[in-house]
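What follows is one structure encoded as structure tokens, with my remarks underneath.
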């Protein structure tokens, strides 16, 4: 419920080219693009929650925790352990919400955008 509510709130304020980046421990996103796979009920089911919020999961890759820390970002992670092996789940507004023809061509016949994955 937490991630779904966050994504729904973000969808309402995103600009057309805006993105939402969610960092999760490796495997917690529940997507096929992740190197570590978990049972669906043991994940956040990020892609499904994004779709329910009107967002497409555009990219799954390593989360640049060191770069974020240099910008002042801090996290305690689970029980203060931090996010050692985090992935970044990058969402953007669904093409059908946009009114430009070039965006519509990024979706497949099913209406889903392709997911790209960057693995270590």
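Computed from the coordinates by the stated procedures, all read-outs in this text should not be read as laboratory data. As the structure is a prediction and not an experimental result, all values here were calculated from the model. No Cβ is skipped: glycine too gets one built from the backbone with ideal geometry, and neighbour counts run over all protein chains shown.
Things to note:
- Scope the range 52-74; condition within 23 Å of residue 5 (Cβ to Cβ), in a loop (DSSP other than H, G, I, E, B) and either within 12 Å of the chain's Cα centre (by Cα) or touching a residue at least 24 places away in the same chain (Cβ under 8 Å) (or both); matching residues: 53, 54, 63
- In the range 27-51, the residues that are surrounded by 13 or more Cβ atoms within 10 Å (Cβ to Cβ), part of a helix (DSSP H, G or I) and out of contact with any helix residue (DSSP H, G or I) (no Cβ under 6 Å at 6 or more places or on another chain): 46, 47, 48, 51
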